[in-house]
Amino acid sequence: MADEYDYDLFTIGAGSGGVRASRVAAAHGARVGLAEEHRVGGTCVIRGCVPKKMLVYGAHFAEDLEDAKQFGWDVGECTFDWVKLRDNVLNDVSRIEGLYTETLENHDVDIFHERAELTGAHEITLASGKVVSAKHILIATGARPHVPGCDGHELGITSNEAFHLDAIPERVLIAGGGYIANEFAGIFNEFGAKVTIINRSDTLLRGYDHSLRDRLLQISIAKGIDFRFNAEFRGIEKTDEGCLNVSMTNHDDLEVDCVLFATGRVPNTEGLGLDAAGVQLGDKGEVIVDQFSKTNVDHIYAVGDVTDRVQLTPVAIREGQAFADTVFGGGEPVAVDHTVIPAAVFSHPPIAAVGMTESEARNKIGDIEVYQSDFRAMKNVVAGRNERSLYKMICEAGTGKILGIGMIGPESPEIMQAAAVAVKAGLTKADFDATTAIHPTMAEELVLLK
Ligand code: NDP
């Protein structure tokens, strides 16, 4: 039956979700083709999480080298070579891209390095003109940075270009107050740039607990990052000196050397032939899917950022895996559980959270108990760095069931991953209290919360 078609599965997009789905489907015995117009690995590997985290490591040395002096080290005069870091990061990105490609090839997935479009119910036409057919089609085309449509917007860059800069700009304006804005603000600031974040509202990192957001704001200001709130772009103009003059509502103009747009990401659904195929899209252009990642068209599925459910790599990977197991695994259908997803912002210092925020819990549950620890990490005390961490646990009153944990402080994403297991498992504050602390650590604060 399947031989009616060239492939059992054709995947469009080789990002985290598409690669996982293709590899697992192939392992289940499916004949798989995959098209990718850019590079294998997608946003996360090529121009997102992976290179960003390497820059975060690189940036943090600015503080570590400074702090080292208080620990007795004579570090001499330190200089920073952006081009060296950039090239090392880009080389590693290429290495990982190679590994992803190798994995697909080892599973006999046919990779087409070109754009693909649906041109019939089961037909895909590649940019080269080659036409293939597939029994099932998976849309895994991800999302791209949203750029506000103000005058001169083309003078700005997005996170895509930030990894390829020739030099660290002296003055950077970052538009947006979310993940990418705060992560790149930290990176550029540590590399010595003067950073200004401008956001259309007065809220940073919507969705995170207000105490953590406030703490990040205080620390960021203390580190020298400027913030302008309730500011919307009016326009960007190039000055005679080659700088960028940015005008905005409610604030004076600002002259900078680089404007970075970090104002959300939009699903890549244009030009894929989805209209003609009858695939239903949402208001933001996202592909609408059910719990098994199936669209309204029976044999067309979608996973990852293109569905705009939760724009996180591990979620896309789970969706890809569940799709492949459901359609090709021969067992029960598998739905991804989108609740209690831990996440982190790799700001300086990082934030990590799982479950509900305090205000969310108050609204949804009502009767809650909040425990917290506001402390200075031992390393920061010796270093003379006046930067406090904050851990927060939100519990259901009476049962003590943990509804959410949030933290800001050194290594908080590393600590949160283990704590998230406990929250997902439905453990209580008493379970944490019954666990002996590992001393001296920052993580021990989690079992000593008052
Ligand atoms: P976010 O959704 O995190 O933040 C977008 C920011 O831009 C918000 O401050 C928002 O303001 C503002 N904004 C939205 N639309 C407009 C607009 N039209 N004009 C002006 N400002 C606007 O998006 P990011 O771009 O930072 O990141 C995209 C997604 O990628 C994240 O949501 C996350 O899912 C993922 N990501 C995850 C990371 C991680 O796991 N560490 C790292 C980077 C990205 P307001 O709040 O007022 O709406």
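Readers should treat all values here as calculations from the given coordinates under stated rules, not as data from a laboratory. Since the structure is predicted, the reported quantities are computational estimates derived from the model, not experimental observations. Neighbour counts are summed over all protein chains in view; Cβ atoms, including those assigned to glycine, are modelled from backbone coordinates with ideal geometry.
Across the chain, the mean sequence separation of Cα contacts (distance under 8 Å, 6 or more residues apart), normalised by length, yields a relative contact order of 16 percent. Among the GluC sites (Glu not before Pro) in segment 180-276, those located in a DSSP loop and surrounded by at most 14 other Cβ atoms within 10 Å of their own Cβ are Glu241, Glu270.
In the structure shown, the pairs Lys284/Lys364; Lys194/Lys223; Lys392/Lys450 are assessed against 20 Å; a Cα-Cα span above that value is assigned to Lys284/Lys364.
Straight-line cross-link reach from Lys379 at under 13 Å between alpha-carbon atoms covers these aspartates and glutamates, not counting any fewer than eight positions away in the same chain: Glu63, Asp64, Glu66, Asp67, Glu387, Glu411.
May I ask you to list, by number, the DSSP H helices of the chain whose Cα span along the axis is at least 15 Å and whose average Kyte-Doolittle hydropathy reaches -0.5 or more? Correct list, ordered by number: 16-27, 49-68, 179-190, 210-222, 313-328, 412-424. Of all lysines in the structure, the ones whose alpha carbon falls short of 25 Å from that of Lys135, not counting any fewer than 8 places away in one chain, are Lys294. Could you pull out every residue, at least 5 positions away or on a different chain, whose amide H is within less than 5 Å of the one on Arg171? Hs are placed 1.01 Å off N in the peptide plane, and Pro or chain starts have none. The list, which skips near neighbours in sequence, is Lys194, Asp257, Cys258.
When you restrict to C-alpha pairs under 8 Å that are six or more residues apart and normalise by the size of segment 257-400, the relative contact order lands at 12 percent.
For Lys424, a cut-off of 12 angstrom between C-alpha atoms picks up these aspartates and glutamates, skipping any fewer than 8 places away in its own chain: Asp337.
Give the calculated FRET efficiency between Asn245 and Glu360 to the nearest 0.05, with a Förster radius of 41 Å applied to their Cβ-Cβ distance. Calculated value: 0.55.
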